[in-house]
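Remarks on the structure that follows.
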Amino acid sequence: MIFTTDKQTLEDLNIFGKHGGDSIYNIFNRCITRGGAAVLEEMFRYPLASHEAINKRVSIIQSLAQRNLSFPFKGSDFDAADTYLANTDERSKLVQHEQSMARKLTNMIAMDIDTQLIYKGVESLMALMKKAQEFVNELNSIDGLHETSTEMLAILNDPAFAAVYQHKGKLSHAQIAELDVILRFQQRTAVEKLLRHIFYLDAYLSIARVASERRFAFAQALPAESHDLLRLQGVYHPLVKNAVPNNIHITADNNVIFLTGANMAGKSTFMKSVSIAMYLAHAGFPVAAQQMQFAVLDGAYTTINLPDNLGMGASHFYAEVLRLKKVAQELSSKNLFVVFDELFRGTNVKDAYEATIAVTTAFAKKKKSIFVISTHIIEAGSVLKENCNNIQFVYLPTRMKGNTPEYTYTLEQGITADRHGMVIINNEKILDILRNGKKKSTTTTGYELHH
Amino acid sequence: MSFITDKQTLDDLNITGKFKQHSIFSLFNDTKTSGGEKLLEQLFLHPLTDAAAINSRSQVLQFFHQRALVFPFNIEILQEAETYLSAGTSGAYPIVALGLLQKRILQLAIRDEQFEQLKKGVLATIKLLATLQDFVEQTAKESNWPAMEQFDTIKQLFSDHRMKWLQEARNQSSPALLQLARYDHIMRHVLRDEMEAVLQFIYHLDVYIAVTNVARARNFHYAQALPNEQAVFRTTALWHPALEKAVANPLHLHEEQNVLFLTGANMAGKSTFMKSLGIAVYLAHMGFPVAAKDLVFSVRDGLYTSINVSDNLNLGYSHFYAEVLRVKKVAEEVASGKDLVVIFDELFKGTNVKDAYDATLAVTQEFVAYRNSFFVISTHIIEVGETLRETCNNLQFSYLPTIMEGSVPRYPYTLTPGISNDRHGMLIIQNEKILEMIQ
């Protein structure tokens, strides 16, 4: 089974970002090759859903990070090899012997583009393979990479490639033509497989480098349906500067987090931090935390920045309901990580109160999933406390310093009634302006119509 | 003093903007001439704040509306005349004649085009004046024109002795050189200002005819402005002018009930109703036809709306803050003693339900003390209305209902007195069977 998620979640967490803006993917993407970046994206798009696979990837990246290895290949070689291998037309093979005078003359003045690309491709691939020969020995001793290095060695040491290592110095046209046939046609599959391995290494090394630079932690995946669902220490948002770390411990006995706090107190950021950590951990990536252990889940669904499509006539409330319905459907067969920020803000207070209680109570019956629900309707909290025994109440506090609110961004146990919508309105003195304005006391009643 | 409004209001109501689809300006912009279009733009940019001026423009338009006149001028001829009149000529007739002679010789000698162009311009302008003269006489004969200063000026112009030459000129297809020089001298020097007035008059005709054609086709009506001492806004049917099948609603705001508190589900049509009102207020202050029947209104100093505060919930706090600043701006204007029309749609939706409740309540309670302004405030937080009903006596409560047919909501778009008790929230959740699905 694969780890499921959706567009809304990826956007909420800013996993891929938009148009080159900051994103979680960009933090990790230090790949030198384009192929490596593609592999990294694939890992990002398809997190894993078994603890063995996750722990294996974690151990590879972890040992690469410890060795402090760097990627030994030149990026430009891959670009040349890429274009070269993309040309699968048999007719473009270099002809070995037909070196007419005319051809020699033309080549002296300017070689035609196709031939140039082939020359370059062959030379780049040779360089890559020679480098790989040296590098592969370093990989052999790394946990989890043993298989990769064996496969790579088998390809590299294949007698079919003997010619690649024999030739030294500048190659003649005939030699290039010979290598072209081997690399591009006869051993194409092997070459591509080799490159694929190198791309993976590029991606792993890129992740490892980021992990050591940013001091990210490697999470430990526990088998699905463990009692301990999530233990996070010092989790923070990797895209927020000077982010404040928080701890959270979720077990099957308190798997619903009921989060309260004022608007600016950091609720969304906290929820995003935990969600991003969960997402990355399931991809086998290092996380922005000190320590993390988690039971593997089947997917993650967050609802933090739900857009409403008023242009199409759908209300925000309806958008929320549809979202809830989708999550509910998924929950029927899967154990999920579910986040709802400020549920039911598109409706009246009474409906929001009732709906929050009803939905949270229903969620609380799913003890193998994790729910994080934020709300301002604190009254719902006290009812929920009586209804369910597996709800964990936490809040992000606001300290008022005179009229200015200050935030600690540190999670505390309990429920808070902090709000400061009115504080802002009072700070702007709107009510005072209106109270002291010029009110006309008109006494005219009735009016005449003229026709 | 000009009518006060701001960019957000114009954007909310989609009033100005030549290139914007469905803007109210482009709805009315059926003008034939570029001068007319510019004039219409000016009228849209400067609504009036004087009841008499509004009513007199409205009467002129009503006259055109009833008469269903057709714009009598040929556009090509008008353009030629415009180009011709925009260039100056010498003050002394002999010099004009000599210059013309010189051009004529050049034409014969080296096929120079200047003479031909000038002749064409003179003839086009003569034709234009002739058409205008006929039009004015024809129209004046049939019925009385409304009091319109410009019309009188033009009528006087044609009876002026300096315009006698037109009778001989309008029948000549190819005047002699000296005659041409005389006409040129008269039109571009002697009657220079009068000719400018003629063009302006034509642009006005263009606008009046265009606007009333639209009004007739769309069944718009004319409003009656009252001086601003009273505070009244009354119509028996108000709808959105740009919508094909808009539902019309009556509305009566006055000093005793100067606040309309509007509730209803999101899709029930709150925003459309509020926009309809905003547009009617704006057009009425221009003296233009409105998408409202029997509209009587006291002139206000300005209009502020907050309808499409971009729905970007992602901005979270900063969105709320932007709304607060908007309310503050309007509060300052209201507090300065101006008579305004203020329309707030879904105030404080950028925040949580509870903050929105507190803020909407507090702000509304302060606003309603200003009896000289009109307020229309909508919210989905119906609890605010219930509290306001107890604390204030000058509020009208209306809602746009949702009728549930089975599990499908239907929206009749008719304003109903009271506060919406649509508690569809839980109903929708039950209909979607979400709770069962989870368990």
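The values are calculated or read from the model by the stated rules, or taken from the named source; none is laboratory data. Note that this is a predicted model, so its numbers are computed, not measured. Quick reminder, even Gly has a Cβ in these numbers, built from the backbone with ideal geometry, and neighbours come from all protein chains shown.
One residue stands out in the range A:221-272 among those that are of a type in the set (D, E, K, R) and not in a helix (DSSP H, G or I): the one that is surrounded by the most Cβ atoms within 10 Å (Cβ to Cβ), namely A:231. Put simply, of A:182, A:198, A:176, A:155 the only residue that is under 26 Å from the mean Cα position of the chain (by Cα), assigned to a helix (DSSP H, G or I) and surrounded by 17 or more Cβ atoms within 10 Å (Cβ to Cβ) is A:198.
Taking the stated definitions as given, is residue B:201 over 30 Å from residue B:296 (Cβ atoms), away from chain A (no Cβ under 13 Å) and under 22 Å from the mean Cα position of the chain (by Cα)?
On the way: over 30 Å from residue B:296 (Cβ atoms): yes; away from chain A (no Cβ under 13 Å): yes; under 22 Å from the mean Cα position of the chain (by Cα): yes.
So residue B:201 passes the test.
Here residue A:414 fulfils each of the conditions (1) more than 10 Å from chain B (Cβ to nearest Cβ); (2) on the phi > 0 side of the Ramachandran plot; (3) crowded, with 24+ Cβ neighbours inside 10 Å apart from (3). Within the range B:400-439, track down each residue that is over 25 Å from residue A:359 (Cβ atoms) and within 12 Å of chain A (Cβ to nearest Cβ). Residues satisfying the conditions are B:411, B:419.
For the subset of the range B:391-427 comprising residues that are of a type in the set (D, E, K, R) and part of a strand (DSSP E or B), which member is surrounded by the most Cβ atoms within 10 Å (Cβ to Cβ)? Taking the candidates together, the pick is B:410.
Residue pairs whose Cβ atoms lie under 8 Å apart, separated by 6 or more positions or on different chains, with the first residue in the range B:150-172 and among the β-branched types (Val, Ile, Thr) and the second surrounded by 11 or more Cβ atoms within 10 Å (Cβ to Cβ) and at pLDDT 85 or above, are B:153/B:197; B:153/B:201; B:154/B:132; B:154/B:136; B:154/B:197; B:154/B:198; B:154/B:201. Checking each residue in the range A:344-361 for being facing chain B (nearest Cβ under 8 Å) and under 20 Å from residue B:380 (Cα atoms) picks out A:344, A:345, A:346, A:347, A:348, A:349, A:350, A:351, A:352, A:354, A:355.
Report yes if residue A:107 is in contact with a helix residue (DSSP H, G or I) (Cβ under 6 Å, 6 or more places away or on another chain), at pLDDT below 85 and in the same structural domain as residue A:193 (by TED's automatic domain parsing), otherwise no. No, not satisfied.
Checking B:246, B:215, B:176 one by one, the residue that is aliphatic (A, V, I, L, M) and modelled with pLDDT of 90 or more is B:215 and no other.
Would you point out the residue of the range B:306-334, among those that are farther than 24 Å from residue A:432 by Cβ and more than 10 Å from chain A (Cβ to nearest Cβ), that is modelled with the lowest pLDDT?
Within the range B:306-334, the first condition is being farther than 24 Å from residue A:432 by Cβ, and the residues that meet it are B:307-308, B:310-316.
Subsequent filtering for residues that are more than 10 Å from chain A (Cβ to nearest Cβ) retains B:307, B:310.
Numbers: B:307: 82, B:310: 52.
So, considering only residues that are farther than 24 Å from residue A:432 by Cβ and more than 10 Å from chain A (Cβ to nearest Cβ), the one modelled with the lowest pLDDT is B:310.
Residues checked against (1) over 22 Å from residue B:79 (Cβ atoms); (2) under 20 Å from the mean Cα position of the chain (by Cα):
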position	(1), (2)
B:180	no, no
B:208	no, yes
B:233	yes, yes
B:251	yes, no
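Among residues of the range A:10-34 being assigned to a helix (DSSP H, G or I) and crowded, with 21+ Cβ neighbours inside 10 Å, the one that is farthest from the chain's Cα centre (by Cα) is A:12.
Mind checking which residues of the range B:27-57 are over 15 Å from residue B:282 (Cβ atoms) and of a type in the set (A, V, I, L, M, F, W, C)? Correct list: B:39, B:51, B:52, B:53.
Scoring residue A:417 on the criteria (1) in a loop (DSSP other than H, G, I, E, B); (2) within 33 Å of the chain's Cα centre (by Cα) leaves a single failure, condition (2). For residue B:184, the stated conditions hold: it is buried (at least 23 other Cβ atoms within 10 Å of the Cβ), under 19 Å from residue B:121 (Cβ atoms) and out of contact with any Pro (no Cβ under 7 Å at 6 or more places or on another chain). Considering the range A:316-343 alone, what residues qualify as being farther than 19 Å from residue A:225 by Cα, assigned to a loop (DSSP other than H, G, I, E, B) and more than 7 Å from chain B (Cβ to nearest Cβ)? Selection gives A:341, A:343. The condition of being farther than 18 Å from residue A:144 by Cα and either of a type in the set (Gly, Ala, Ser) or outside the structural domain of residue A:69 (by TED's automatic domain parsing) (or both) holds for only one of A:228, A:180, that being A:228. Comparison of A:227, A:249, A:282, A:237 shows that the only residue that is over 30 Å from residue B:356 (Cβ atoms) and in contact with a Ser or Thr (Cβ under 8 Å, 6 or more places away or on another chain) is A:227. Total residues in the range B:225-259 satisfying the condition of being part of a loop (DSSP other than H, G, I, E, B) and in contact (Cβ under 8 Å) with a residue 40 or more places away in the chain: the figure is 15. Restricted to the range B:104-217, the set of helices (runs of 4 or more DSSP H) holding at least 1 residues that are in contact with a strand residue (DSSP E or B) (Cβ under 8 Å, 6 or more places away or on another chain) and over 27 Å from residue B:34 (Cβ atoms) is empty. Among residues of the range A:362-376 being part of a loop (DSSP other than H, G, I, E, B) and of a type outside the set (D, E, K, R), the one that is farthest from the other protein chains (Cβ to nearest Cβ) is A:369.
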